[in-house]
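To start, the structure under review is shown below, and the notes come after it.
The values are calculated or read from the model by the stated rules, or taken from the named source; none is laboratory data. Only a predicted model underlies this, so the values are computations on that prediction, with no experimental measurement involved. No Cβ is skipped: glycine too gets one built from the backbone with ideal geometry, and neighbour counts run over all protein chains shown. Just so you know, the surface numbers come from the protein's heavy atoms only, side chains and all, with ligands and any DNA or RNA stripped out. Shrake-Rupley method; radii C 1.70, N 1.55, O 1.52, S 1.80 Å.
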Amino acid sequence: MTLDVASIKKDFPLLAREIDGKRLVYLDSANTSQKPQQVLDAMATYYENSNANVHRGTYRIAEEATHALEGGRAKVRSFINAPADRNVVFSKNATEALNLVARSWGAAHLSAGDPVVLSELEHHANIVPWHQLAATTGIELRWIPVTPDGQLDLTDLDRLLDGAKVLSFSAMSNVLGTLTPVERLVAAAHDAGALAIVDASQHVPHVATDVQAWGADFVAFTGHKLCGPTGIGVLYGTDEVLEATPPFLGGGEMILDVTKDGFKHTELPWKFEAGTPPIAEAVGLGAACDYLTGLGMDAVREHEVELTAYTLRSLTERFGDDITIHGPVEPAIRGGVFSFSYRDIHPHDLTQVFDQHNVCVRAGHHCAKPLMRELGVNATARASLYVYNDTDDIDAMADAIEAAGDFFAF
Amino acid sequence: MPGLEDLYREIILDHYRSPRNKGELESPPATRTEGFNPLCGDEIVVYLELDDSSEPPTVEDIKIGGQGCSISQSSASMMSAAVKGKTLAEVKDLTKAFKGMMSIHEQSLPGEGAGKEEEGDSGLGDLEAEIPEDVKLGDLEALRGVVKFPVRIKCATLSWNTLAQGIEDATS
């Protein structure tokens with residue numbers, strides 16, 4: 001293995017927890033990742049030493065708090081290779097970041113009949129805001145279809161993009177792990193005169209991400225899937241599109257001046273950060289970026305490709321036709337997310353048995369109902385990997401699958 | 001930690017294996033009502049045919065469509081068997097009794113730790129007293145264990161909520 005997983009596991013205090021005397025097997029990182037001690041310590045240290053509100057006080061700890069917040073932003077900027085800190089806007093999560101784009105940029109620049117192109121792989125967070133915008137402006141939604149093995153079918157891309165104003169798509173599917181050809185799609189969108197928006201929530205934690213190499217206009221992702229805390233997400237935007245986007249929420253922090261007649265908003269990125277920002281969370285997210293950088297994102301990816309290959313091979317060898325794993329079969333074009341069905345056992349029943357084995361796996365539609373309809377399933381069980389998983393974890397899940405098979409053997 | 005046998009009682013697995021009243025009814029005259037569990041994506045369809053000639057009206061026929069987990073499917077199967085031929089008033093009492101049995105732990109979520117669980121169990125007795133005395137839950141009693149698995153309560157109540165909506169559709 002390219003990562004020293006045994007030593008990485010020790011960085012994550014929760015993974016040391018035992019329930020009923022058995023270790024915890026956490027395979028739900030596409031949902032949320034566990035947090036290393038380094039992140040927890042950074043947040044605790046901030047609260048213990050420097051807690052104050054930011055961009056206000058003239059006293060020492062207020063300066064420190066401001067420095068902590070902006071230091072977190074600088075680490076995120078470096079982690080995704082954004083050109084400047086002003087291109088990194090903090091939001092509550094990726095969902096809020098995508099809503100910001102649809103509600104503020106979309107409402108200002110789109111009107112009835114304007115085509116917005118999405119893909120069938122999308123998470124509801126990159127669907128519903130556009131439905132909401134369609135309800136108020138009458139934009140037209142178009143969909144890039146998926147192939148049976150869960151890749152984007154780009155056969156008709158030119159036709160779909162003809163006249164389009166926006167292409168908004170996921171860099172990595174949260175259901176199937178599919179990695180999409182981001183640079184090609186961004187270029188195609190720009191050639192068609194459309195804005196390119198990337199939902200990178202599953203990509204940034206697992207694959208080295210360079211937003212400038214992508215060339216996208218907006219990139220959204222969340223902190224809690226990349227070893228960071230909940231409550232903080234990121235909207236990256238180029239100067240051009242961020243300047244052309246009206247403020248989203250109004251309030252303190254985002255203003256230059258307020259009179260009884262109106263307000264002037266402040267500069268980037270604070271123009272989009274109304275109210276007290278998630279300061280400790282920014283500290284935690286910065287520490288998470290440091291942690292992953294320390295492991296090396298190329299090593300992280302290599303580890304996950306190897307473990308993905310092992311997972312696909314071992315589950316298929318052990319269960320044969322009894323198991324159906326959706327998505328691409330080639331580890332090089334997918335991340336470590338496995339949506340699967342086993343015999344005709346409902347995913348809820350399957351993961352209920354898993355729970356008896358302390359195997360944490362999600363069951364359901366994974367907030368991607370249009371994709372589930374295309375796959376012809378209501379629900380799947382979904383296991384997902386991260387830096388702290390190893391082949392023992394996969395074997396433990398396989399044992400749990402077998403136990404479920406025995407329990408529900410009719 | 002409650003064990004699997006607390007949840008998956010034999011009678012539940014029996015209804016899951018051989019669901020009663022599975023299928024469709026022609027609609028109209030029957031009403032067709034869909035129910036969704038937004039957590040897992042399960043969908044259930046309740047086809048309901050009422051006999052209006054009797055007073056109060058009775059459930060003439062009921063069929064269950066859709067798909068779901070063992071808990072939602074067995075609950076729907078048991079429900080269909082329990083309400084067929086019953087008056088709407090009886091169905092209402094049965095629904096109240098069943099949902100009473102299911103709602104108890106929803107109040108004591110997340111149900112972590114032994115203390116909480118005991119609280120829930122004693123509460124169960126209290127709520128039982130509110131259930132109409134002449135209501136016999138019969139097979140449905142087997143679903144009582146579901147309350148120890150709070151996430152699954154919605155699986156068990158999906159068909160009942162859909163039935164209630166169906167009755168509203170059919171009588172409005």
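Key figures for this structure:
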quantity	calculated
Residues losing 30 Å² or more accessible surface upon assembly, segment B:1-29, compared with the chain by itself, 1.4 Å	B:1, B:4, B:8, B:13, B:16, B:17
Charge dipole magnitude, Cβ of K and R +1, D and E -1 - the protein assembly as shown, Cα centre, debye nearest 20	960 debye
Computed magnitude of the charge dipole of segment A:40-294 (debye, nearest 20; Cβ of K, R +1, Cβ of D, E -1)	460 debye
Proximal charge balance of residue A:170 [Cβ under 11 Å; K/R count +1, D/E count -1]	-3
Point-to-point label distance, residue A:44-residue A:2, nm (Cα→Cβ direction, 7 Å offset)	3.3 nm
In segment A:238-295, the GluC sites (Glu not before Pro) that fall in loop regions by DSSP, at most 14 other Cβ within 10 Å	A:267
Residues of segment A:48-65 with amide N under 14 Å of the 7 Å Cα→Cβ point at residue A:276	A:48, A:50-57, A:62, A:65
Heavy-atom surface of chain A, accessible at 1.4 Å and reported per residue (Å²)	39 Å²
Charge context of residue A:30, other residues only, Cβ under 11 angstrom, K/R +1, D/E -1	+2
Solvent-accessible area buried by pairing A with B, both sides, nearest 100 square angstrom, 1.4 angstrom probe	1900 Å²
Lysine pair count for segment A:1-159 [Cα-Cα under 26 Å; pairs on different chains or 8 or more apart]	10
FRET efficiency, residue B:27 to residue B:92 (Cβ-Cβ, R0 35 Å, nearest 0.05)	0.95
Reach of residue B:63 by Cα under 13 Å, taken over aspartates and glutamates that are not fewer than 8 positions away in the same chain	B:24, B:26, B:34, B:49
Cα-derived Rg over Rh, computed across segment A:189-263 with Rh taken as Kirkwood radius	1.07
Segment A:40-294: equivalent-ellipsoid semi-axes (sqrt of 5 x gyration tensor eigenvalues, Cα, Å)	32, 22, 14
Separation of alpha-carbon centers, segment A:277-298 and segment B:40-100, rounded to whole Å	52 Å
Residues with amide H under 5 Å from that of residue A:166, placed H, sequence gap 5 or more	A:117, A:195
Amide proton proximity set for residue A:140, modelled H, under 5 Å, gap of 5+	A:113, A:114, A:116
Whole-Hz ³J(HN,Hα) from phi, Karplus 6.51 cos²θ - 1.76 cosθ + 1.60, for segment A:89-101, glycine and proline x	9, 7, 10, 6, 6, 5, 4, 5, 4, 5, 5, 4, 5
Zero-based 5 Å bins, Cα pair distances in segment A:84-194, whole percents	2, 12, 21, 23, 22, 14, 5, 1, 0
Candidates A:188, A:381, A:280: whichever shows maximal mean-square fluctuation once chain A is modelled as a Gaussian network with Cα springs under 10 Å	A:188
DSSP H segments from chain A that extend 27 Å or more along their own axis, Cα-based, with Kyte-Doolittle mean of 1.0 or above	none
Total formal charge among the other residues, if their Cβ is under 13 angstrom from that of residue A:112, Lys/Arg +1 and Asp/Glu -1	-1
Inter-probe distance in nm under a simple model that places probes 7 Å from Cα toward Cβ, at residue A:10 and residue B:135	5.7 nm
Within segment B:14-51, GluC sites (Glu not before Pro) in DSSP loop having at most 12 other beta-carbon neighbours inside 10 Å	B:24, B:26
Residue A:255-residue A:81 pseudo-label distance in nm [points 7 Å out on the Cα-to-Cβ vector]	4.0 nm
Gain in span if fully extended, residue A:317 to residue A:131, counting 0.36 nm per residue against the direct Cα distance	62.7 nm
Separation of alpha-carbon centers, segment A:343-394 and segment A:148-174, rounded to whole Å	26 Å
Percent accessible area from carbon and sulfur atoms, segment A:40-294, protein chains only, probe 1.4 Å	50 percent
1.4 Å probe, heavy atoms, protein only - residues of segment A:336-365 losing at least 30 Å² accessible area vs chain alone	A:346, A:348, A:349, A:352, A:356, A:365
Residue-wise HN-Hα coupling along segment B:160-172, computed from phi with Karplus coefficients 6.51, -1.76, 1.60 (Hz; x: Gly, Pro)	5, 5, 5, 4, 4, 5, x, 5, 5, 4, 6, 9, 8
Amide H contacts under 5 Å for residue A:266, placed H, 5+ residues apart	A:255, A:256
Square roots of five times the Cα gyration tensor eigenvalues for the protein assembly as shown, Å	44, 29, 26
Segment A:369-374 - phi-based ³J(HN,Hα) in whole Hz, Karplus 6.51/-1.76/1.60, Gly and Pro as x	5, x, 5, 4, 5, 5
